[in-house]
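Notes for the one structure printed next.
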Amino acid sequence: MARIVIFDHPLIKHKLSFIRDMNTGSKEFRELVTEISMLVAYEATRDFPLMEVEIETPMQKMTTEILQGKKVGLVPILRAGLGMVEGFLKIIPAAKIGHIGLYRDHDTLQPVEYFCKMPQDVDERDLIVLDPMLATGGTVVAAVDMLKKRNPRSIRVVSLIAAPEGMKNVKEHHPDIDIYVAALDEKLDKNGYILPGLGDAGDRLFGTK
């Protein structure tokens, strides 16, 4: 079974408190999202395999460990997912970046694809889907559907705040996908927003309404 990992690191909890605060402005919000993304990137890559190599320090030769040929692709879901990219790139600077654009149809409430651009070697990469808010889960389910058609080596989802309904939806549709979240909140409201949440992550990142 795939994993659901909810981070309990004190620094993550501390910084989440500030992005939840309605008085936090866009500049500080963006900076905090980058910082939290760096921390969750560290945790979400904990199981990356290593291989032994021999190097020479200024003192002597030694055997040490490096990543075992890991080729990573970051896939932010537009637009809020863009806020997490910088933090992940600080930890995984060699990662390639794909983009997925989805919007929710007002009549059917179903996600509709309007953009998808992936690295050419996507089938050789381990993909990390980035979406700050895992609310209903519909967008993430649709994104993973799209990515599986491109046959990547693996897919994992990383969010900052999730609702139980969204987690359940993703696991029902994609039980093989690992999900990493910084916080699991109480529930969704009637409009599909996470409670207590932090509002609309995209609007707060980019200063729009």
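May I ask you to give the solvent-accessible area per residue for the chain, in square angstrom, as obtained with a 1.4 angstrom probe? Mind showing how you got there, number by number?
Working: 11400 Å² over 209 residues.
In whole numbers, the chain has 55 Å² accessible per residue.
Across region 180-194, rounded Karplus estimates of 3J(HN,Hα) from the backbone phi angles (6.51 cos²θ - 1.76 cosθ + 1.60, θ = phi - 60°) give 10, 9, 7, 7, 10, 8, 6, 5, 9, 8, 5, 9, x, 8, 6 Hz, Gly and Pro being marked x.
Taking amide H as placed 1.01 Å from N in the peptide plane, the amide H of Leu74 sits under 5 Å from that of Lys96, Ile97, Gly98, Ile128, each at least 5 places away or on another chain.
Output the Kirkwood hydrodynamic radius of region 114-209, Cα pairs only, in Å rounded to one decimal. Taking every pair of different Cα atoms in region 114-209, averaging 1/r and inverting gives 14.1 Å. The alpha carbon radius of gyration of region 68-160, expressed as a multiple of 2.2 N^0.38 Å, is 1.04.
The alpha carbons of region 16-133 occupy a box of 65, 38, 19 Å along the principal axes, longest dimension given first.
Percent of accessible area on the chain owned by carbon and sulfur, 1.4 Å probe? Don't skip to the end; give the middle numbers.
Working: 5990 of 11400 Å².
Carbon plus sulfur share of accessible area: 53 percent.
Distances between placed amide hydrogens fall under 5 Å for Ile155 paired with Leu127, all partners being 5 or more residues away or on another chain.
Model label points for Glu56 and Asp123, set 7 angstrom from Cα along the Cα-to-Cβ axis, are 4.1 nm apart.
Overall dimensions of the chain, expressed as equivalent-ellipsoid semi-axes from the Cα gyration tensor (√(5λ), whole Å, largest first), are 30, 21, 16. Starting from the Cα of Glu65, step 7 Å toward the Cβ, then list every residue of region 9-47 with an amide N under 17 Å from that point. 42-47, by backbone N distance to the label point. Note on Leu11/Phe48: beta-carbon distance plugged into 1/(1 + (r/R0)^6) with R0 of 22 Å gives a FRET efficiency of 0.60.
I want to check the label-to-label distance for Thr208 and Gln110. Put each point 7 Å from Cα in the C-beta direction and report it in nm to one decimal. It is 2.5 nm.
Basic side chains Lys and Arg get +1 at the Cβ, acidic Asp and Glu get -1 at the Cβ, and with that the dipole of the chain about its Cα centre reaches some 260 debye. Applying the criteria of a DSSP loop state and at most 12 other Cβ atoms within 10 Å to the trypsin sites (Lys or Arg not before Pro) of region 29-63 yields Arg46. Is the shape of region 102-147 best called rounded, prolate or oblate, per the rule: a/c under 1.5 gives rounded, else a/b larger than b/c gives prolate, else oblate, with a ≥ b ≥ c the square roots of the Cα gyration tensor eigenvalues? Note, shape of region 102-147 comes out prolate.
The values are calculated or read from the model by the stated rules, or taken from the named source; none is laboratory data. Keep in mind it's a predicted model, so treat the numbers as computed, not measured. With ideal geometry, Cβ positions are generated from the backbone for all residues, glycine too; neighbour counts draw on all protein chains shown. Note: areas computed on protein heavy atoms with side chains; ligands, DNA, RNA excluded. Shrake-Rupley method; radii C 1.70, N 1.55, O 1.52, S 1.80 Å.
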